[in-house]
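Notes follow the structure.
The values are calculated or read from the model by the stated rules, or taken from the named source; none is laboratory data. Computed from a prediction, not measured in an experiment: that's the story for all the values here. Every residue, glycine as well, gets a Cβ built from its backbone with ideal geometry; the counts of neighbours run over all protein chains shown. Note: areas computed on protein heavy atoms with side chains; ligands, DNA, RNA excluded. Shrake-Rupley method; radii C 1.70, N 1.55, O 1.52, S 1.80 Å.
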Protein chains: 2
Amino acid sequence: MKTKGKIYVVGIGPGNREHMSVRAIEAIQKADVIIGYKTYIDLIRDLVAGKEVIDSGMKKEVERCNLTLDKAMEGHQVAIISSGDAGVYGMAGIMLEVKYERMSDIEIEVVPGITAASAASAALGAPMMHDFTVISLSDLLTDWELIRKRLECAAVGDFIIALYNPKSMGRVHQIEEAREIFLKHKAKTTPVGIVKNAKRKDEEIILTDLENMLNHEIDMLTVVIVGNSNTYIKDGKMITPRGYRI
Amino acid sequence: MKTKGKIYVVGIGPGNREHMSVRAIEAIQKADVIIGYKTYIDLIRDLVAGKEVIDSGMKKEVERCNLTLDKAMEGHQVAIISSGDAGVYGMAGIMLEVKYERMSDIEIEVVPGITAASAASAALGAPMMHDFTVISLSDLLTDWELIRKRLECAAVGDFIIALYNPKSMGRVHQIEEAREIFLKHKAKTTPVGIVKNAKRKDEEIILTDLENMLNHEIDMLTVVIVGNSNTYIKDGKMITPRGYRI
């Protein structure tokens, strides 16, 4: 009898082993096939020794999910890797969609992870202690006008705002427009934390404000956290009070 | 010479050991004093054997942080425990605030964890694949009018919305008002996932919609996730497509 295949959609967190969950490590250990974007696979290279590893380039998400399903249907235990949380802009959704499209009954377990906003937040101090939004500035799959509307709503609601994919080589104006939208509703002194490689090797932290944020390097490995009207910076930490009386 | 004290603000994730990070387990192991709300300490009781454990009731956050600082200043390694992510409505902010208030130079490490929205999302399938907001319905520390405004902004922006602290024994109307606000901007068929004890013992999942969500049990152990205009339910899973062509 053929073994029953299974798919683990694994969020490995920010990248360092210490911020992976026990279940994520276990899922990778159980799997005999590991599939993912090469940059993420490299972060767990030591865990995948002796396994069949299929790494691919960016923008191959659907192909990767089809391959994962093929392998699971052959009876393999397959781990498909996301950075951060597999359920936040990760591979969980597209993997389930591909499964339904192909009318498969393969079991899929989504293994959650620490998302980039949480990792960046811990690096900065405690900026996300109150209601927040997470918005991706990538308009590859989303209409830019909808993203603009969300930026506006997030600013009007005085949310703390975590920006994912703030900027890439070919995409530079979005972060500029986002800042302009924020400045319509938020003070120019609103604290901004820019974290590159949050909670992994080569972590870099910049504390600035809405007025000056564009004077710093921002790229695809960066998460930008914009405070609410109560957020402040003290002794190198960014803090949003929740309202306790001390 | 006295040992130098240190404070770890530890997010233990949803509760089950398997969703704790390696660093969270390590921090608790390194600490000789463990401080936290009793319900959370109970989730890690086996990890704290042989240590000084100080558990306290709810609403004692400031007291708990002062005690944590006292112990660290005596030279102890102290872990103060949050559920989920210590940086999302957790103990990270108030701990830093108490430190600054008392002008201490004790080192504080914030150890991030998997927040309740990620745990609930993994249990439901993949509802949080796009821009989302996290809003707490608790008005103990936040003006209800501000929360109402944020609910409105989140609905207008067509965000996926995760509601924390949706309802308690003495607080029942907030979730009803939240639903009314959502219905002004979202279809009554918008999928809603209600998850109790996400990714821990006794997990319960309900899939419903905005029209019918109040016919189900919602309490303080529950996270409610409301979809965006593209979210759908299929084969018992709640999915928000990100926009890939399959």
*asked:* Restricting to DSSP H runs of at least four residues, report the calculated mean residue ellipticity at 222 nm for the protein assembly as shown, -39500 (n - 2.57) per run over all residues, nearest 500 deg cm²/dmol.
replied: -9000 deg cm²/dmol
*Could you please report the charge total around B:VAL156, scoring K, R as +1 and D, E as -1 over all other residues with beta-carbon less than 10 angstrom from its beta-carbon?*
+1
*Would you tell me the mean number of C-beta atoms belonging to other protein chains that fall within 10 Å of each C-beta in A:238-245, as a whole number?*
6
_Give me the percent of accessible area attributable to carbon and sulfur for region A:6-114, probe 1.4 angstrom._
49
_Compute the angle between helix A:61-73 and the longest alpha-carbon principal axis of chain A, please, reported from 0 to 90 degrees and rounded to the nearest 10._
30
_Rounded to whole Å, give me the distance from the Cα center of region B:12-85 to that of region A:159-175._
36
*Nearest 100 Å², what total accessible surface is buried between chain B and chain A (probe 1.4 Å)?*
6300
*Near B:GLU107, within a Cβ-to-Cβ distance under 9 Å, what is the net charge of the other residues, with Lys and Arg +1 and Asp and Glu -1?*
0
*Against the longest alpha carbon principal axis of chain A, how many degrees, from 0 to 90 and to the nearest 10, is the axis of helix A:173-185 turned?*
50
*Using the reciprocal of the averaged 1/r over all distinct C-alpha pairs, how large is the Kirkwood radius of chain A in Å?*
19.1
*Place a +1 charge on the Cβ of each Lys and Arg in region B:89-187 and a -1 charge on the Cβ of each Asp and Glu, then give the dipole magnitude about the Cα centre in debye, rounded to the nearest 20.*
380
*From other protein chains only, count the Cβ atoms within 10 Å of every residue's Cβ in A:79-87, then give the mean.*
3
*Report the local net charge at A:GLU203: Lys and Arg +1, Asp and Glu -1, summed over other residues whose C-beta lies under 15 Å from its C-beta.*
+1
*Do any cysteines of the protein assembly as shown lack a neighbour Cys whose Cβ is under 4.7 Å away, and which are they?*
A:CYS65, B:CYS65
*Short version: what are the Cα gyration tensor semi-axes of the protein assembly as shown, square root of 5 times each eigenvalue, largest first, in whole Å?*
32, 27, 24
*In debye, nearest 20: dipole of chain B around its Cα centre with unit charges on the Cβ of K, R (+) and D, E (-)?*
400
_Above-threshold pairs, the threshold being 30 Å between Cα atoms, out of A:LYS4/B:LYS199; B:LYS51/B:LYS199; B:LYS59/B:LYS184; A:LYS201/B:LYS51_ = B:LYS59/B:LYS184; A:LYS201/B:LYS51
_Where only alpha carbons of region B:117-239 are counted, the Rg and the Dmax (Å)_ = 13.1, 39
*asked:* Please compute the average number of Cβ atoms from other chains found within 10 Å of each residue's Cβ in peptide B:133-142.
replied: 4
*Calculated FRET value between A:ASN66 and A:SER168, using beta carbons and R₀ = 22 Å, to 0.05*: 0.30
_Probe of 1.4 angstrom, ligands and nucleic acids ignored: what's the accessible area per residue over the protein assembly as shown, in square angstrom?_
39
*Give the carbon-plus-sulfur fraction of the accessible surface of region A:117-239 in %, rounded to a whole number; probe 1.4 Å, heavy atoms of protein chains only.*
49
_Placing the label point 7 Å from Cα along the Cα-to-Cβ direction, what are the distances from A:GLY170 to the equivalent spots in the other copies, shortest first, in nm to one decimal?_
5.8
*Any number yet on Rg/Rh for region B:1-78, C-alpha, Kirkwood?*
0.95
*Degrees between helix B:144-156 axis and first principal axis of chain B (Cα, 0 to 90, nearest 10)*: 50
*Rank-order B:135-148, A:23-36 by packing density, defined as the average count of other C-beta atoms within 10 Å over each peptide's residues, highest first.*
A:23-36, B:135-148
